[in-house]
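Here is the structure we will look at.
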Amino acid sequence: MGEEQGKVRADAEGELMRGLETLDVACAAGLLLKGEISPQIATGVDAFSMRMPLGVAAAITPFNFPFMAPLYLSSIAIACGNAFILKPSERVPTASLMLAELARDVGIPDGVLNVVQGDAEAVEAILDHPGIAAVSFIGSSPVAKLVHARGSASGKRVQAFGGAKNHMVVMPDADLGFAADAAISAAFGSSGQRCMAVSVVVAVGDVGDALVAAIGERATAVKVGPASDPEAEMGPLISRAARERVLGAIAAAEADGAKVAIDGRGREPGGGYFVAPTLVDHVRPDQEICRREVFGPVLSVVRVDTLDAAIALIDDSQYGNGAAIFTRDGGAARTFQRRASAGMIGINVPIPIPNAVYSFGGWKDSRFGDQHMAGTEGFRFFTKQKVVTSRWPEEEKSKADLAFPTR
Ligand code: NAD
């Protein structure tokens with residue numbers, strides 16, 4: 001993962017552990033797939049339900065989680081009895097092949113977990129293939145939308161997880177040191193290339209100046225370097241184009257009146273697609289940098305007067321993956337958890353990726369289609385229900401009856 005994707009070792013280990021959580025959940029298949037039974041629903045008649053596999057399910061995964069994303073989907077799909085086709089990002093092809101080798105080593109039969117390498121052309125072939133019953137997609141929102149439309153049009157069950165713009169609201173009563181540490185970890189971990197990365201801090205009331213100072217101090221201390229450097233806390237971006245996009249977003253925000261409080265341009269090591277942590281202050285909610293996914297180590301700070309205004313900002317976002325609040329006030333936290341329009345909420349937790357026993361998924365343009373991934377919703381997605389109504393008749397009591405039965 002370090003060589004292909006660029007993430008540092010500790011981050012890669014964390015990704016692996018979060019991916020392995022889904023194997024624990026997959027091991028609960030016996031419990032999660034059991035059906036319901038209603039004995040004697042009419043005289044001599046029993047009814048019961050069972051969940052059946054779909055057949056062949058396919059997954060298309062992004063570059064930023066080469067191991068976790070395939071594990072989140074393949075483990076549950078296979079536990080449900082499906083064969084699985086994995087099309088990883090063409091930018092990080094190796095982890096999926098390792099996964100398939102490990103699956104073979106533990107005795108999963110050939111043909112159950114299949115890896116197909118390729119780019120958009122391979123995705124289109126999957127979406128149009130009549131033998132594939134379901135498609136799970138994880139990637140950017142424009143592609144997620146296309147995948148959802150094309151796969152659904154060809155009769156498949158589709159869940160498509162898209163991009164994000166995640167907000168972290170900091171209330172005036174929050175522990176500032178704790179909030180600043182959380183903001184740094186969540187904004188700059190994996191160089192901001194996480195769908196749950198915090199990219200906007202919303203400073204409520206008068207907390208802005210002190211918060212920016214605390215985040216700024218920490219941002220300049222982050223050690224940037226290649227994955228091969230054991231000291232590095234943050235690696236490079238995935239490509240030259242990604243670096244240019246991120247630098248372009250910083251320049252545009254600056255030209256549009258925002259203040260670059262900590263500038264990552266020029267502080268990065270040479271020889272790769274690095275951008276050092278960047279903090280952009282006094283961002284307006286209507287600015288591109290506040291609305292568009294940057295997917296890089298750039299944290300914007302927006303200042304608002306009230307919690308209501310912070311919640312309205314989140315409501316107004318095109319995306320709805322994660323949202324977090326930092327506060328000591330239980331009432332404010334409860335208001336936030338009920339009203340913030342995102343699928344995953346953190347209370348003093350900046351990246352609220354649910355444990356895999358819960359399901360993962362966002363709202364709005366962060367997810368197209370039905371059912372979140374992993375957890376119980378994952379088991380729903382990868383199975384279809386069958387209901388059996390059964391009777392074992394006693395011959396001498398049978399008679400024809402053309403009326404719709406009432407008992
Ligand atoms: P991407 O959309 O460029 O690529 C994702 C997958 O789609 C890859 O396998 C790629 O080969 C394929 N693809 C790319 N363009 C395509 C096209 N035009 N037609 C069909 N298939 C195409 O995304 P990425 O750059 O690999 O990953 C980063 C994005 O993924 C970010 O937007 C991030 O927020 C998002 N993401 C979302 C989640 C989530 O759970 N919501 C998780 C991780 C990443």
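The values are calculated or read from the model by the stated rules, or taken from the named source; none is laboratory data. Values in this document were obtained by computation on a predicted structure and should not be read as measured data. All Cβ positions, even for glycine, are placed from backbone atoms using ideal geometry, and neighbour counts span all protein chains on display. Accessible surface areas use protein heavy atoms only, side chains included; no ligands, DNA or RNA. Shrake-Rupley method; radii C 1.70, N 1.55, O 1.52, S 1.80 Å.
How many residues are in a loop (DSSP other than H, G, I, E, B) and surrounded by 15 or more Cβ atoms within 10 Å (Cβ to Cβ) if we restrict to the range 29-46?
Step one: of the range 29-46, the residues in a loop (DSSP other than H, G, I, E, B) are 33-36, 43-44.
After this cut, where a residue has to be surrounded by 15 or more Cβ atoms within 10 Å (Cβ to Cβ) as well, the list is 33.
So the count comes out to 1.
The criterion of being closer than 25 Å to residue 362 by Cα and touching a residue at least 12 places away in the same chain (Cβ under 8 Å) holds for residue 62. Being within 15 Å of the ligand (Cβ to nearest atom), in the same structural domain as residue 380 (by TED's automatic domain parsing) and in a helix (DSSP H, G or I) is a description that applies to residue 19.
Listed by position, the strands (runs of 3 or more DSSP E) inside the range 122-192 whose residues that are open to solvent by 30 Å² or more (accessible area, probe 1.4 Å) number at least 1 are 157-161. Output yes when any residue across the range 222-245 is within 12 Å of residue 278 (Cα to Cα), surrounded by 14 or more Cβ atoms within 10 Å (Cβ to Cβ), among the hydrophobic types (A, V, I, L, M, F, W, C) and free of Cβ contacts under 8 Å to residues at least 24 places away in the same chain, and no when none is. Checking the range 222-245: not a single residue is within 12 Å of residue 278 (Cα to Cα), surrounded by 14 or more Cβ atoms within 10 Å (Cβ to Cβ), among the hydrophobic types (A, V, I, L, M, F, W, C) and free of Cβ contacts under 8 Å to residues at least 24 places away in the same chain.
Restricting attention to the range 310-321, the residues that are touching a residue at least 24 places away in the same chain (Cβ under 8 Å) and out of contact with any His (no Cβ under 8 Å at 6 or more places or on another chain) total 7. Criterion applied to 346, 331, 378, 362 was being at pLDDT 95 or above and either among the aliphatic types (A, V, I, L, M) or surrounded by fewer than 23 Cβ atoms within 10 Å (Cβ to Cβ) (or both), and the one residue passing it is 331. In the range 232-313, counting only strands (runs of 3 or more DSSP E) that sit wholly within it, the ones holding 3 or more residues that are under 23 Å from the mean Cα position of the chain (by Cα) span 298-304.
The residue of the range 78-92 that is farthest from residue 131 (Cα to Cα), among those that are more than 10 Å from the ligand (Cβ to nearest atom) and in a loop (DSSP other than H, G, I, E, B), is 80.
The residue list 75, 49 contains one member that is among the polar types (S, T, N, Q), within 20 Å of residue 376 (Cβ to Cβ), assigned to a strand (DSSP E or B) and open to solvent by less than 50 Å² (accessible area, probe 1.4 Å), which is 49.
Residue 114 falls short on exactly one of the conditions (1) open to solvent by 40 Å² or more (accessible area, probe 1.4 Å); (2) within 16 Å of the ligand (Cβ to nearest atom); (3) in contact with a strand residue (DSSP E or B) (Cβ under 8 Å, 6 or more places away or on another chain); (4) not in a strand (DSSP E or B), and that condition is (4).
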